[in-house]
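Note sheet for the following structure.
The values are calculated or read from the model by the stated rules, or taken from the named source; none is laboratory data. Predicted model only: the values in this text are computed from it and were never measured. A quick note on method: Cβ atoms are made from the backbone with ideal geometry, for glycine too, and the neighbour counts reach across all protein chains shown. Ligands, DNA and RNA are excluded from the accessible area calculation, which covers all protein heavy atoms including side chains. Shrake-Rupley method; radii C 1.70, N 1.55, O 1.52, S 1.80 Å.
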Amino acid sequence: MSRFYNRPENALKRAEGLIAVSQPAAALALLHDIVMSKRSRSTPLPILEPIMLKFVELCVNLRKGKTAKEGLHQYKNISQNITVSSIESVIKRFIEFSEEKVADAQAKAEKITVDNVEDLEASETPESIILSTVSAEVDKDRTDREVVTPWLKFLWEAYRTALDILRNNARLEILYQSVANQAFQFCLRYTRKTEFRRLCELLRQHLATAAKYAHQAHAINLNDPDTLQRHLDTRFVQLNAATELQLWQEAFRSVEDIHNLLGMAQKPPKPFMMANYYEKLAKIFLVGENYLFHAAAWNKLYATVRLNKNLGEEEHGRMASMVLMSALAIPIITTSKTRGGHMDSDDSKPKTARLANLLRVSRAPTRESLLKDALSKVVYSRVRPELKELYQILEVQFHPLSITKKIAHLLPKLQADRDLTTYVEPLHQVILTRLLQQLSQVYTTVKIDSVVKLAAFPEPFAYSAHHIEKFIMNGCKKGELSIRVNHQFQTLTFETDVFAAAKGTVSEGPQLQTLPSELMRTQLTRLAKRLHTAVALIGQTSEVLPLEQRLVQVKKEAKAKAFAEAVARLEDERKQNAQRRLLIEKKKEIRENELLQKEKIEAEARKKRVEAEAEVEKIRLEEEAKKREADRLNQQLVDIKRQEAAKLAAKLAEDLKEKNVKVNAEELEGMDTAKLMQMQVEQLEKEKREMQTKLKTMSKKIDFTERALRKEEIPLLVQDYDEQKATDRAAHEALRKAKLAASKIQHQEAILLKNRMMRMVGDYTALKEELSAKRNAEFEAIREDAQRRIAEAKAKRIQEVKEQRENERTRREQEEEDRIRQEEEDLRRFEEEERAAEEAAVQAEANRAAEQERMAKLDEIARKTRERELAVEAKLAAEREALRKSSPVSSVEPDRWRRPTEERPAPAPVAAAGTGNKWVPPMRRTDSGEPCGGGWRSRASQENVSAPASDRGSQESIASRPSWGSRPSATGSSFARREDGPARVAEQPQESTKPQTWKPAGAGGWREREQQQKATGDAPAAAPATPAAPGAGPFKIGEGKWTSARR
């Protein structure tokens, strides 16, 4: 994060400035800091919204999905309590930017693919064929993967980010459903099946968490009809997309989602929605080969659609035919793939009940019930005639030896129909089942070959003996057939078990006679009925009457007896009913009192339970709040760590990308650089070896094939040459004869045409001469006019050229005069500058001579001043020496400011001027000329000796300083023998022709310096040095130095 906080009002301008200098990453970091800062929460939305729009635009341009997600979450938290229109506009722009980038990438990829084709007419070369066999990817796929795929991934992340931000918020629900629909269209447009599954799972998770967070503010309420309707619309779009992508498992899960939402609805759904629901459910069952529930779905679909009054009769007929055909195509004997007319396994009952709930029926459908519904008057009257005939053959008529022949003419019609062709394969299984069932009622034993002939179907639905045997075994296992196969005699034996139990369904179809097992099951019932009839006839009627009359008489007597008994018991039954009514009312009253008491007790218990639950809920909410706070802190720590890891991973990925190494950025977290490099090198080596192996194998194969072809080609070439030569000779001869005949015919026709044309030659010649004369006269007139116009144009052009040349000559003369005048001015200006330079040089030389003369005068004044100072100092030294010698040492108290010193010898000769020796007073010199210790003068001298060159000044710089001046100062310094001063000044190079002005920085005695310091307010000067004796070396007046104003 930036060290300094930028104001949101200025951040947008600063970001645009960074973008203008090609620094979008810095601009994104700046806007990210603004958005994520806590100070931005108090920023007005009109200021923050343009920042967010620019922020998401930069995130899209730089493909920073995680950064965009963080910023959008923060902006949602800021704006959702004020207005949701702002976050809606920002998210819409975010999605639009992402989609535009994908469209641009596709256009760029198409352009790259077209640009890579150098020659559109070039054919494939052997090299390109070999390379195409080695490489499994074409150029377009590679270009799409490099250019389009990254933007597709970013667009998918943008959809997921938007859905995650908008979820479980009632005020953002409309935009949430809109983004979900856009995501479904994205999956359809680019055929993204994996992303479609993830999107469906994400929407289910969001719906599951809606109930969990229902107590929060602005949570969605599924009890609201509008909210539920929007979710249903989205799930129907999801169902349509799943069927279009042929993701049938996802489609089935979408159907379950819709069913659950429909169960929550308080009002019935719209008919067109339910029609779409049943239609997609029918497709899903058909793909899963569950023909039973497929037919049930068609039945429910038609029952829903036929309520539409605007539905045409043709559509009615088509859908009614589909209902009957889907019911007829339900296999009676189920296989491992298909689902038949009923489920006889206990394990399949929960699954069957689940599927029945999806169809919104109370119990599982059966083949017989679906056929019964299809035979209703509303449906059967609109069915196509061939399907009615098919129903009669399969379910009504009994013809085991000709069932396939009767149906043979109907199968091509069914196959030709686009809607019914999917039912042809299961319909063959139904036909084979009916064939075996009807054969079992007529025959006991039949040959397998005979059954194969009877079950003869055209390809690809033909059944072999092996397939029929497998089908029979499966039917016996399911209990639909009872057949034994004898492989020794190649026969089928239809067994009859007289003690077989009745099946739960009636799937035998048409029956010729009652089966023995049926007779055995109903024999006791039939015996009881007949005995009852015999008892009624014996002894109750006259034996004279015929049997029929006796039966009628018995019935009349029984009826009269029943009426008499009913009248006799009527009063008793009335009393019993009154007592029973009173008893029921009393019991009802008691039950109501018990219920009221029970409800009262339950209400009290419920109240206590609600209070306890409220207390528990309060505690739970407090704990959850604490837990959420702890989770938030932990999440912040995790986010910080993840951001740091992501930055490191991004940096590593960028470095590896610059090195042209392919690596998945998501796997970088668990891998180091060395491992990545090693993995890439191994992959490259492996690809190289595989390519070399493939090329080597391919080249060998091509060599062997070409050698074999050429070997086989040699004898055939000679034969082909002879055949071609004979064929060419015959063709040439035929062509020559045909051409000769055609030439003769053409010549005869030309002669006839010439004879006819010769009769018109005179007229043609006269007309030609007349036209030629007329055209020649016209041509001469046109030529004369053209020559006249050419002459006029030529004269005009000559005049224009003369004027143009005259103008050009005048212009050149003017330019020449201007150039000459400019050169004269330049020459005059140059001469003036030279003259001014010469005058400046003369003036400088005169100034230099005057300066030298002034310096000579100053040197002369300095010399005289030094002589006077030397004379005064010599006189003072002589007086001090005489005073010292005249007073005894023992009687005189030594000076308090001077250390006692030994008696000094005579002063040494003064060093010559211009040398490196330092001047020492005579009384402080030793025999060797070196200064002796003692006194503040000696210490000052030593300090001067030990001071750096910058403080003391070099001998040459001191010697080159002219001075004038005043009486000798208390320092005792003097200029001794400075005759070479002017010479040195003269020898120094002149830095400027201007006269130099010299002034002393510390000249004069201590009184003058004090006065000067008081006037200027400077600090007091350093302690004065020892007075110099005549002939001393370079002088130093305190700490002052001579300075030049020029410096």
Sole exception among (1) touching a residue at least 60 places away in the same chain (Cβ under 8 Å); (2) assigned to a loop (DSSP other than H, G, I, E, B) for residue 299, by number: (2)
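Filter region 31-42 down to residues that are buried (at least 18 other Cβ atoms within 10 Å of the Cβ) and out of contact with any Ser or Thr (no Cβ under 7 Å at 6 or more places or on another chain), then give me how many there are. Write out each step before concluding.
Within region 31-42, the subset buried (at least 18 other Cβ atoms within 10 Å of the Cβ) is 31-32, 34-35, 40.
Keeping just the survivors that are out of contact with any Ser or Thr (no Cβ under 7 Å at 6 or more places or on another chain) gives 31, 35, 40.
The qualifying residues number 3.
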Residue ID - modelled with the lowest pLDDT, chosen from residues in region 85-125 that are over 25 Å from residue 153 (Cα atoms), out of contact with any Leu (no Cβ under 6 Å at 6 or more places or on another chain) and part of a helix (DSSP H, G or I): 115
Meets criteria (at pLDDT 85 or above and among the hydrophobic types (A, V, I, L, M, F, W, C)) for residue 430: yes
Filtered residues of region 457-478 (kept if of a type outside the set (Lys, Arg) and assigned to a helix (DSSP H, G or I)): 465, 466, 467, 468, 469, 471, 472, 473, 474, 475, 476
Set 371, 432: member being touching a residue at least 40 places away in the same chain (Cβ under 8 Å) and either assigned to a helix (DSSP H, G or I) or within 28 Å of residue 452 (Cα to Cα) (or both): 371
Residue in region 386-401 that is open to solvent by 60 Å² or more (accessible area, probe 1.4 Å), modelled with pLDDT of 80 or more and among the β-branched types (Val, Ile, Thr) present: yes
Condition met for residue 272 (part of a helix (DSSP H, G or I) and touching a residue at least 12 places away in the same chain (Cβ under 8 Å)): no
Among (1) open to solvent by less than 100 Å² (accessible area, probe 1.4 Å); (2) farther than 30 Å from residue 531 by Cβ, the one test that residue 566 misses: (2)
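From the list 406, 453, which one is free of Cβ contacts under 8 Å to residues at least 24 places away in the same chain, in a helix (DSSP H, G or I) and farther than 26 Å from residue 370 by Cβ? Can you show your working first?
Working: 406 fails: farther than 26 Å from residue 370 by Cβ.
Selected residue: 453, the only one of 406, 453 that is free of Cβ contacts under 8 Å to residues at least 24 places away in the same chain, in a helix (DSSP H, G or I) and farther than 26 Å from residue 370 by Cβ.
Is region 146-159 home to any residue that is within 21 Å of residue 242 (Cα to Cα) and without any contact (Cβ under 8 Å) to a residue 12 or more places away in the chain? Explain how you work it out, then say what you get.
First, the residues of region 146-159 that are within 21 Å of residue 242 (Cα to Cα): 152-153, 155-157, 159.
With the extra rule that they be without any contact (Cβ under 8 Å) to a residue 12 or more places away in the chain, the set shrinks to 153.
Yes, there is a match, as at least one residue in region 146-159 is within 21 Å of residue 242 (Cα to Cα) and without any contact (Cβ under 8 Å) to a residue 12 or more places away in the chain.
Just checking, how many residues over region 198-252 are assigned to a helix (DSSP H, G or I), of a type outside the set (Gly, Ala, Ser), open to solvent by 60 Å² or more (accessible area, probe 1.4 Å) and closer than 21 Å to residue 170 by Cβ? First the steps, then the outcome.
The initial filter retains those residues of region 198-252 that are assigned to a helix (DSSP H, G or I), namely 198-212, 225-244, 248-252.
Subsequent filtering for residues that are of a type outside the set (Gly, Ala, Ser) retains 198-207, 209, 212, 225-240, 243-244, 248-250, 252.
Filter once more, so that each one left must be open to solvent by 60 Å² or more (accessible area, probe 1.4 Å): 198, 201, 205, 212, 225-226, 230, 233, 244, 248-249.
Cutting the leftovers down to closer than 21 Å to residue 170 by Cβ gives us 205, 212, 225-226, 230, 233.
Residues flagged as assigned to a helix (DSSP H, G or I), of a type outside the set (Gly, Ala, Ser), open to solvent by 60 Å² or more (accessible area, probe 1.4 Å) and closer than 21 Å to residue 170 by Cβ within region 198-252 amount to 6.
Determine which member of the set 209, 194, 227 is of a type in the set (Val, Ile, Thr) and more than 27 Å from the chain's Cα centre (by Cα). Break it down stepwise before answering.
Numbers: 209 fails: more than 27 Å from the chain's Cα centre (by Cα); 194 fails: more than 27 Å from the chain's Cα centre (by Cα).
Among 209, 194, 227, only 227 is of a type in the set (Val, Ile, Thr) and more than 27 Å from the chain's Cα centre (by Cα).
Are any residues in region 439-459 open to solvent by 60 Å² or more (accessible area, probe 1.4 Å) and of a type in the set (A, V, I, L, M, F, W, C), and if so, which ones? Give the steps one after another, and end with the answer.
At the first step, the residues of region 439-459 found to be open to solvent by 60 Å² or more (accessible area, probe 1.4 Å) are 442-445, 447, 449, 453, 456, 458-459.
Within region 439-459, 442, 456 qualify.
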Extreme residue, least open to solvent (accessible area, probe 1.4 Å), among residues of region 402-438 that are charged (D, E, K, R) and under 60 Å from the mean Cα position of the chain (by Cα): 434
Those residues of region 151-194 which are buried (at least 19 other Cβ atoms within 10 Å of the Cβ) and among the charged types (D, E, K, R), in sequence order: 167, 173
Qualifying position, being out of contact with any helix residue (DSSP H, G or I) (no Cβ under 9 Å at 6 or more places or on another chain), modelled with pLDDT under 95, assigned to a helix (DSSP H, G or I) and surrounded by fewer than 10 Cβ atoms within 10 Å (Cβ to Cβ), among 756, 775: 756
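Inspect all residues belonging to region 438-448 and state whether any of them is among the β-branched types (Val, Ile, Thr) and under 20 Å from residue 324 (Cβ atoms). First the steps, then the outcome.
Of region 438-448, the ones among the β-branched types (Val, Ile, Thr) are 442, 444-446, 448.
The next check asks that each one be under 20 Å from residue 324 (Cβ atoms); those that pass are none.
Checked against the condition, which is being among the β-branched types (Val, Ile, Thr) and under 20 Å from residue 324 (Cβ atoms), region 438-448 yields no hits at all.
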Residues of region 61-84 satisfying the condition of being surrounded by fewer than 17 Cβ atoms within 10 Å (Cβ to Cβ), of a type outside the set (S, T, N, Q) and either within 16 Å of the chain's Cα centre (by Cα) or part of a helix (DSSP H, G or I) (or both): 62, 63, 66, 73
Pairs with Cβ under 8 Å, 6+ apart, first in region 44-58 and farther than 11 Å from residue 32 by Cβ and at pLDDT below 85, second open to solvent by 50 Å² or more (accessible area, probe 1.4 Å) and charged (D, E, K, R): 47/9
Selection from region 274-290 of residues that are open to solvent by less than 20 Å² (accessible area, probe 1.4 Å) and within 19 Å of residue 333 (Cα to Cα): 285, 290
